[in-house]
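A short write-up of the structure that comes next.
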Amino acid sequence: MTRKLEFNVFRYQPQDPESVPHTDTFEVEETASMTLFIALTQIREEQDPSLQFDFCCRAGICGACAVMINGQPGLACHTLTRDLPEEITLMPLPIFKLIGDLSVDTGTWFRQMHEKLESWVHTDKAFEPEAQEEPMENDLAEEIYELERCIECGCCVAGCGTANMRADFMGAAAMNRIARFMMDPRDRRTEREYFEVIGTDEGIFGCMGLLGCEDVCPKGLPLQDQLGLLRRKMGWSAVKQLFKFKS
Ligand code: SF4
Ligand code: SF4
Ligand code: FES
């Protein structure tokens, strides 16, 4: 039997002084293989053209369509309505700046995160555009590629208890990113230099380890492994520095 879905959608335009945060309710008839993205598009086309939400690829690749779905972050284009109850509440991701309705600015957040991490390969070698690419062992290249699959959707940040309590916490996406550089033999940063970046409460020591991030990552990234690895490495680095300090 066809279900009638009831969508409670957060509405607010922060640029408009007249706008007041509230939810609007829309009814949509469920169709086979309907995703939240399809339902939202239908609402916008048939009921309210002013509804604002983000999307680009519709294939779980761009990370633009992340929203809070009945209290949990997820991708609208990858969430089937048949996996949800008839009543669905959609809210914008917390932490990120609200643009309007369900649309948030993840780009600025991720940019400042990359700037803090110095998110590039640090090497003393001069760049030679004509030179051949440096070879890398396949296994290692695959391990690095696994971490490169992050689509910067922001779900792990929105689902993180620490990030919701403190604005300066870098979050699992940042830890995943730094783990990727630590793995890369071309990056010449020392353990001490990595410690300077993430060996703080803003970084790995602020993580409570409850793994909400891994539970909600739509790409299934091994965040638990990376967080555990970094905690051990940076904890050991702190012990070494303390020992040196005392001796
Ligand atoms: S494990 Fe750490 S990074 Fe992941 S959700 Fe919990 S506090 Fe946030
Ligand atoms: S780690 Fe996963 S949840 Fe976090 S931003 Fe990347 S893809 Fe999204
Ligand atoms: S629209 Fe690109 S991930 Fe959903």
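The values are calculated or read from the model by the stated rules, or taken from the named source; none is laboratory data. Note that this is a predicted model, so its numbers are computed, not measured. All Cβ positions, glycine included, derive from the backbone under ideal geometry; neighbour counts span all protein chains shown.
For this structure, a couple of remarks:
- When the stretch 85-101 is filtered for residues that are farther than 23 Å from Asp16 by Cα and crowded, with 19+ Cβ neighbours inside 10 Å, only Ile88 remains.
- Thr89 vs. criteria closer than 23 Å to Gly220 by Cβ and touching a residue at least 24 places away in the same chain (Cβ under 8 Å): no
- Helices (runs of 4 or more DSSP H) lying entirely in the stretch 159-202 (those with 1 or more residues that are of a type in the set (Gly, Ala, Ser) and within 9 Å of ligand 1 (Cβ to nearest atom)): 161-165, 171-183
- For the stretch 125-155, residues that are under 22 Å from the mean Cα position of the chain (by Cα), more than 16 Å from ligand 1 (Cβ to nearest atom), of a type in the set (D, E, K, R) and part of a loop (DSSP other than H, G, I, E, B) total 1.
- The stretch 214-237: number of residues that are away from ligand 3 (no atom under 16 Å from the Cβ), out of contact with any Phe, Trp or Tyr (no Cβ under 7 Å at 6 or more places or on another chain) and over 15 Å from Ala174 (Cα atoms): 5
- The listed residue being loosely packed, with under 13 Cβ neighbours inside 10 Å, on the phi < 0 side of the Ramachandran plot and modelled with pLDDT of 95 or more, out of Thr35, Thr2, Thr25, Thr41: Thr25
- Listed conditions (1) out of contact with any Gly (no Cβ under 9 Å at 6 or more places or on another chain); (2) closer than 17 Å to Asn8 by Cβ are all met by Thr31, apart from (2).
- Checking the stretch 126-140 against the condition returns no match, with no residue being out of contact with any Leu (no Cβ under 6 Å at 6 or more places or on another chain) and within 16 Å of Gly206 (Cβ to Cβ).
- Where Ala167 falls short, out of the listed (1) more than 15 Å from ligand 2 (Cβ to nearest atom); (2) surrounded by 19 or more Cβ atoms within 10 Å (Cβ to Cβ); (3) closer than 21 Å to Met91 by Cβ: (2)
- Hits in the stretch 1-21 - residues which are of a type in the set (S, T, N, Q) and within 20 Å of Ser50 (Cβ to Cβ): Asn8, Gln13, Gln15, Ser19
- For the condition away from ligand 1 (no atom under 15 Å from the Cβ), of a type in the set (D, E, K, R) and either without any contact (Cβ under 8 Å) to a residue 24 or more places away in the chain or in a loop (DSSP other than H, G, I, E, B) (or both), Lys233 does not qualify.
- Residue satisfying all of: in the stretch 208-221; part of a loop (DSSP other than H, G, I, E, B) and modelled with pLDDT of 95 or more; nearest to ligand 1 (Cβ to nearest atom) among these: Cys217
- Which listed residue, of Met34, Met68, is within 16 Å of the chain's Cα centre (by Cα) and not basic (Lys, Arg): Met68
- Residue among Leu117, Leu98 that is over 14 Å from the mean Cα position of the chain (by Cα) and more than 16 Å from ligand 2 (Cβ to nearest atom): Leu98
- Matching residues in the stretch 45-84 - criterion: being surrounded by fewer than 16 Cβ atoms within 10 Å (Cβ to Cβ) and either of a type in the set (D, E, K, R) or in a helix (DSSP H, G or I) (or both): Glu45, Glu46, Asp48, Arg82, Asp83
- Picking from residues in the stretch 68-89 that are in contact with an Asp or Glu (Cβ under 9 Å, 6 or more places away or on another chain) and away from ligand 1 (no atom under 16 Å from the Cβ), the one that is nearest to Asn164 (Cα to Cα) is Asn70.
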